[in-house]
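*Asks:* Next up is a structure, given as structure tokens.
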Amino acid sequence: MSKEPRSPAAIPAAAASTNFIRNIIEADLEAGKHAARRWSGRPGPAAQQLAGPLDPARIRTRFPPEPNGYLHFGHAKSICLNFGLAQDFGGRCHLRFDDTNPEKEEQEYVDSIIDSVRWLGFSWDEAATGEAAGENNLYFASNYFDWMVEFAEYLIASGHAYVESQSAEEMRGSRGTLTEAGIDSPFRERSVEENMELFRRMQKGEFADGAHVLRAKIDMASANINLRDPAIYRIRHASHHNTGDRWCVYPMYTYAHPIEDALENITHSICTLEFADQRPFYDWVLERLAEGGLLQRPLPQQIEFSRLNLTYIVLSKRRLIQLVEEGHVNGWDDPRLPTLVGARRRGYPAAGFRLFAERVGVSRSESLIEYTQLEDTMREVLNESAERRVAVLDPLRLIIDNYPAGESEDCLAPNHPLKPELGKRAIPFGRELWIEREDFMEEPSKGYHRLYPGNLARLRYAYVLRCVGCEHDENGKVIAVHCEYLPDSKSGTPGADNYKVKGNLHWVSVADACPAEVRLYDRLFAVALPGARREGDPEDLERDFRDDLNPNSIRVIQAWLEPALKGARPEESFQFERHGYFVADRVDSREGAPVFNRTVTLRDSWAARPGQRQSGG
């Protein structure tokens, strides 16, 4: 019998989410902090890209990925947070590509990110009302390059920036440490005229990569190492996916990001905790430009929250690249990889990520979330949305000796036990069936209630059977089970109530079953903290995270499915009764020949595993 998870009605509803970011936004709105204003500088080439003036009741957030890879589970939390806050407060969320590094960015990643954000259920160009009607808040940092150069020249002219001619190694050596102040560059006191000339020659491509950089002039003795004259422009003779070969200089992310926020009238710039130390520089850039009348107050406010940390996965971009390039997974959309394209292919519903983001919430404290919590939200959503079907994954032939050969009939099964309005479907029944091998035991153990010689068991949606024996091959392996059926016991008829049996089996007809490739996916890593040190290791060293890969993370089998599954469309999800939730693969499925991926089992199969390692030990 299929064990149904609790229906959503039986699961306590999540409390109305509140957190420190919402509290900040509510206080800002109540105070009328974001009065209508527009950027007040000279028009530039990106003028048509800018958001319109804000009213006191509207906030703007942004999701700003760099298009140098595929989005992962951590990005899903940020997407849900930023777009969700904008929706809840009647504001707007911008999708902005921080494409300031031409050597690592590609249009392929831009397209994938756009597709993933849409798949999660969010939009940056949805219909609006009032003065904001028709907004399309899709932006690229590269569209602001003209303004960023102009702003950099203002910083030079006002004595807040200079051209550095030391090598990268020399700059690192003079930067100081967390306990020792840095050393002023020998080029720090260049004249405004010399700095301006050099920066404009950098823009014309007169120097090789690395010959010069433009640095902000702040304080080489600052306790915050990020304020020790950080670089804001570097030379790169590289083609850009959006601007082509127009530029020879490119802004640093930490300089570009606050400018992008300000130009788009972002009110709350929400990022993860690793950017907290960069906030003083973020504010410094905006304050200097506002002092010069180039930006209008109030300025964007950066707010940090803790990033998503999940057991049994890695979210480091470097490690994800290793897994892909070294062939540990089959590309960026491998269903075992914690990318959004992989999760979609595995069958994780977008609504599951939205529910998960709500459940884990946001805070300033780092925490480690059990992967089971993510799986539970996926089960909860799929339990509500996925229709039920029957599949036999480890087939054993069952022969009903007293059922007429060549005859068949239909048995009716509900498409969804929680949604009677979806009706029922017919499952063909005949003399020979496929059942699960584990549903027969020639010498049953104590408490076993399925088929064994002399025992009664019910075929789900069909008849009660009495097992009369079995066949073996030359090696003694059971190759067929023989039974007799009780003709007056069919499910849904009055006679069905005459028989009380404990065993309930699922099955498909041999004559009508559809063969299909089924991929049984499991967790990619065998331990909760991949690469963590082994307990008791005297050297206290981290290990290679690849040593913790789960060798059983995928198993490919041929299964037998009820005929209704033959027409499954790519990305259509079902509960295979007793086995879990499965999705028709969006890449490899063909019309009339679906390939199925296991999304998640019906129950957590990891918590009960004896000796399951929780760390590198």
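*Asks:* Fewest first, what order do 474, 484, 103 take by the number of other Cβ atoms within 10 Å?
*Replies:* 474, 103, 484
*Asks:* Near residue 429, within a Cβ-to-Cβ distance under 10 Å, what is the net charge of the other residues, with Lys and Arg +1 and Asp and Glu -1?
*Replies:* Every neighbour counted, the sum reads -2.
*Asks:* How much length would be gained if the chain were fully extended between residue 478 and residue 401, taking 0.36 nm per residue of separation minus their Cα-Cα distance, in nm to one decimal?
*Replies:* Full extension from residue 478 to residue 401 adds 26.0 nm.
*Asks:* By DSSP, what percent of the beta bridges with both residues in the chain are antiparallel, rounded to the nearest 5?
*Replies:* In the chain, approximately 70 percent of DSSP beta bridges are antiparallel ones.
*Asks:* Hey, what's the per residue convex hull volume over the C-alpha atoms of the range 149-251, in cubic angstrom?
*Replies:* 101
*Asks:* Quick one: which of 274-280, 456-462 comes out on top by average Cβ neighbours within 10 Å, and what's the full order, highest first?
*Replies:* The peptides rank, most packed first, as 456-462, 274-280.
*Asks:* While we're here: Report, in listed order, any pair from 490/566; 446/477; 104/317; 424/490 with a Cα-Cα distance greater than 23 Å.
*Replies:* As for pairs spanning more than 23 Å Cα to Cα, those are 490/566.
*Asks:* Amide H to amide H, which residues 5 or more places from residue 388 or on other chains are under 5 Å from it, using H placed in the peptide plane?
*Replies:* Sorted by chain and number, the residues that satisfy this are 416, 575.
*Asks:* Something else now. From the mean inverse distance of alpha carbon pairs (Kirkwood) and the Cα radius of gyration, derive Rg over Rh for the range 391-505.
*Replies:* 0.98
*Asks:* If I take every Cα pair under 8 Å that is 6 or more residues apart in the chain, average their sequence separation and divide by the length, what percent do I get for the relative contact order?
*Replies:* 12
*Asks:* Along the positive direction of the dipole of the range 149-251 (beta-carbon charges: Lys, Arg +1; Asp, Glu -1; about the Cα centre), which of 155, 187, 241 reaches farthest?
*Replies:* So the residue we want is 241.
*Asks:* To continue, here is another question. Using the eigenvalues of the Cα gyration tensor, what equivalent ellipsoid semi-axes result for the chain when each is taken as the square root of five times the eigenvalue, whole Å, largest first?
*Replies:* So the equivalent ellipsoid measures 61, 26, 21 Å along its semi-axes.
*Asks:* Where in the range 151-167 does the label zone of residue 222 land, with the point 7 angstrom along Cα→C-beta and an amide N cut-off under 15 Å?
*Replies:* Only 160-162 fall inside the zone, counting backbone N under 15 Å.
*Asks:* Relative contact order for the range 150-276: what percent, with Cα pairs under 8 Å and sequence separation of 6 or more?
*Replies:* RCO, the range 150-276: 22 percent.
*Asks:* Now for a separate question. Given a Förster distance of 35 angstrom, what is the FRET efficiency for residue 184 paired with residue 209, based on the Cβ-Cβ distance and rounded to 0.05?
*Replies:* 0.90
*Asks:* Counting only residues 5 or more places away or on other chains, whose amide H sits under 5 Å from the amide H of residue 571 once H atoms are built in the peptide plane?
*Replies:* 584, 585, 586
*Asks:* Mean separation of Cα pairs under 8 Å and 6+ residues apart, divided by the residue count of the range 391-505: what relative contact order is that in percent?
*Replies:* Averaging sequence separation for qualifying contacts and normalising by length gives 26 percent for the range 391-505.
*Asks:* Next question. In nm, to one decimal, how far is the residue 325 label point from the residue 158 one, both placed 7 Å along Cα→Cβ?
*Replies:* About 4.1 nm separates the two model spin labels.
*Asks:* Treat the count of other C-beta atoms within 10 Å as a stand-in for reagent exposure and order 94, 472, 241 from fewest to most.
*Replies:* Listing 94, 472, 241 from fewest to most nearby Cβ atoms yields 472, 241, 94.
*Asks:* With charges set only on the Cβ (+1 for Lys and Arg, -1 for Asp and Glu), what does the dipole of the chain come to about its Cα centre, in debye to the nearest 20?
*Replies:* Rounded to the nearest 20 debye, it is 1160 debye.
*Asks:* Let me ask you something else. What nm value, rounded to one decimal, do you get for the distance between residue 283 and residue 245 when each label is placed 7 Å out toward the C-beta?
*Replies:* Those two pseudo-labels are separated by 4.4 nm.
*Asks:* A further question on this structure: Calculate the spin-label point distance for residue 108 paired with residue 552, positioning each point 7 Å from the Cα along the beta-carbon direction, and give it in nanometres.
*Replies:* Computed distance between label sites residue 552 and residue 108 equals 3.4 nm.
*Asks:* If you find the alpha carbon centre of the range 426-501 and of the range 159-219, how far apart are they in angstrom?
*Replies:* If you average the Cα positions of each part, the centres end up 81 Å apart.
*Asks:* Treating the beta-carbon of each Lys and Arg as +1 and of each Asp and Glu as -1, no other charges, what is the dipole magnitude of the range 149-251 about its Cα centre, to the nearest 20 debye?
*Replies:* 240
All of the numbers you see were taken from the coordinates with simple rules; none came from a lab. As the structure is a computational prediction, the values presented were derived from the model and not from experiment. Note that we place each Cβ from the backbone using ideal geometry, even for glycine, and neighbour counts take in every protein chain shown.
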